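Below: the structure, in structure tokens.
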């Protein structure tokens, strides 16, 4: 069997249609978009068309979309600029955020300019929204930073409810939507949020390109200076073919969203059923059967001497998966998410994440080999 890729939450394969959309801007349309001559103008037009497409899909204005190098830069821009420029005195977040958020807010708190507060978690890993409301009541002038879909366990936040709470208590709301953009319909005209972050490589687009949405009500200075690009909000020549690829990938995902969702959710459910049937003692981290990303399944295997080498044994078979976050080494040791949700020590935790290219036959191969590991 060919290699099996089940680490789509880390990055996804680049769509052939996206490559075809990008190629002309690598080969023929090479002008600097800041140049005023015809070579520059035709590239500038392509960038602005891409911006309009993304804005249309999110139901916002093009002036609220700014291109970045990815989700991490977008998160940093929202968090750092808010604290520096908006009289933020408190940051409210959760202990299971991506390190792009957690490391940033911890650093900001160390300056003494803001106080950091963590929302409590429920037993299934979801946010305790009553505790979030309590924090908002007690800490005015707050910045709330909570992710739409958790990258390790897949739990989905109640986006609309959190937005309502932030609006009620006049808090600034930043949402890391990196795992959700182009996988779920997000209408930012319906649900108020001040910042969201997106990254193209999470939905079959190129790496090294993303965007930040900044609500038109927010007036802020740039995080990166050095040029007038992105309407003076991000210095530096634009990643032109990345931007083209981002918009194309997002457009494709929206046009096939229902079909893709049904296919991938079917694979996730099939894998859960097969694992529960074939491997006694298997569990799922987070709310895998409830409000969870359809792309992510975090599996907790029973205590075994195999667990320390589990990812390597899978890799030898040509199966790519993750020990939690893709941003760590090939193990879940030290995963802040696993610690925060109280995963039992001694169990083997593996994140399988699915894409439209995966098949039931691949799931069969993976589970059959896992069964052999644990029952032989």
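The values are calculated or read from the model by the stated rules, or taken from the named source; none is laboratory data. These numbers were taken from a predicted model, which means no experiment stands behind them. Virtual Cβ from ideal backbone geometry, glycine too; neighbours counted across all protein chains shown.
Are any residues in the range 136-151 farther than 18 Å from residue 341 by Cβ and either touching a strand residue (DSSP E or B) at 6+ places or on another chain (Cβ under 9 Å) or in a strand (DSSP E or B) (or both), and if so, which ones?
136, 138, 139, 140, 141, 142, 143, 144, 145, listed by residue number.
At least 2 residues being surrounded by fewer than 19 Cβ atoms within 10 Å (Cβ to Cβ) is the threshold, and among the strands (runs of 3 or more DSSP E) wholly inside the range 23-135 those reaching it are 115-118.
Close contacts from the range 187-211, counting a first residue that is in the same structural domain as residue 54 (by TED's automatic domain parsing) and on the phi > 0 side of the Ramachandran plot and a second that is part of a loop (DSSP other than H, G, I, E, B) and modelled with pLDDT of 95 or more, with Cβ to Cβ under 6 Å and a gap of 6+ residues or different chains, come to 204/12; 204/15; 208/69.
Here residue 246 meets each of (1) more than 18 Å from residue 73 (Cβ to Cβ); (2) touching a helix residue (DSSP H, G or I) at 6+ places or on another chain (Cβ under 6 Å) with one exception, condition (1).
For the range 152-179, a residue qualifies if it is touching a helix residue (DSSP H, G or I) at 6+ places or on another chain (Cβ under 8 Å), crowded, with 22+ Cβ neighbours inside 10 Å and part of a loop (DSSP other than H, G, I, E, B), and the qualifying residues are 152, 153, 171, 178, 179.
The residue that is surrounded by the most Cβ atoms within 10 Å (Cβ to Cβ), counting only those in the range 291-316 that are over 13 Å from residue 367 (Cβ atoms) and under 19 Å from the mean Cα position of the chain (by Cα), is 298. With respect to the conditions (1) farther than 29 Å from residue 59 by Cβ; (2) out of contact with any strand residue (DSSP E or B) (no Cβ under 9 Å at 6 or more places or on another chain); (3) in contact (Cβ under 8 Å) with a residue 24 or more places away in the chain, residue 168 lacks only one, and its number is (1). Within the range 223-245, identify whether any single residue is buried (at least 22 other Cβ atoms within 10 Å of the Cβ), in contact with a strand residue (DSSP E or B) (Cβ under 7 Å, 6 or more places away or on another chain) and part of a helix (DSSP H, G or I), and answer yes or no. Yes, the range 223-245 has at least one match.
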